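What follows is calculated from the coordinates using simple rules that are stated; it is not laboratory data. Please read all numbers here as calculations on a predicted model, not as lab measurements. Quick reminder, even Gly has a Cβ in these numbers, built from the backbone with ideal geometry, and neighbours come from all protein chains shown.
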Amino acid sequence: MKALLILGLFLLSNTVQGKIYGRCELARALKKLGMDGYKGISLANWMCLAKWESSYNTKATNYNPGDKSTDYGIFQINSRYWCNNGKTPRAVNACHISCNALLQDNISQAVACAKRVVRDPQGIRAWMAWRSHCQNRNLSEYVRGCGV
Ligand SMILES: *[C@@H]1O[C@H](CO)[C@@H](O)[C@H](O)[C@H]1NC(C)=O
Ligand SMILES: *[C@@H]1O[C@H](CO)[C@@H](O)[C@H](O)[C@H]1NC(C)=O
């Protein structure tokens, strides 16, 4: 019984799923929203980043106990600097949006905020997952066969 309860809580907290994009579906959506070449960042880099940050799941969230911030959505954008979730200490909200807006099936606000992130000098290096899984890699597989 207790195990079932714990399983239930786990399912509630982790699989309140929104839209999980297909690889090519996301590649086409990002291209349409002007991500291919934005600030010199190719579509394959954005795809690799989204894959390793969220597995293309718009509802992905992760809490960071260190600074009590949370990462939101397909690009795992952080509440310490970029969005407002009403509970992160010393939050900046540089994208001027509610963090929940980053969890919508419609990714246009998440894309707009990701563009804001890479306008800062560190660019796409802001994402640790990009540095560990995408930087200096051959990323052609992320967009292969998508016609983008
Ligand atoms: C997604 O949201 C934007 C505004 O945030 C809107 O302009 C656009 O029409 C929406 N797209 C769809 C497919 O609903
Ligand atoms: C990247 O990988 C693809 C497929 O494996 C290959 O066709 C392509 O030549 C590679 N590109 C570079 C620059 O190595």
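Of the residues 52, 46, 130, the one with the fewest other Cβ atoms within 10 Å heads the list, and the complete ranking is 52, 130, 46. Proximity of backbone amide H atoms, modeled 1.01 Å from N, is registered between residue 69 and 64 at under 5 Å, excluding neighbours fewer than 5 places apart on the same chain. Summarising the label geometry, the points placed 7 Å from Cα in the beta-carbon direction at residue 112 and residue 24 lie 3.0 nm from one another.
Counting pairwise Cα distances across region 23-143, what percent come out greater than 23 angstrom?
On the way: 1605 of 7260 pairs.
Summing the P(r) of region 23-143 above 23 Å gives 22 percent of all pairs.
Looking at the chain, identify the longest residue range that excludes and avoids all trypsin sites (Lys or Arg not before Pro) in DSSP loops having at most 15 other Cβ atoms within 10 Å.
1-38
The fewest-to-most ranking of 146, 48 by surrounding Cβ atoms within 10 Å reads 146, 48.
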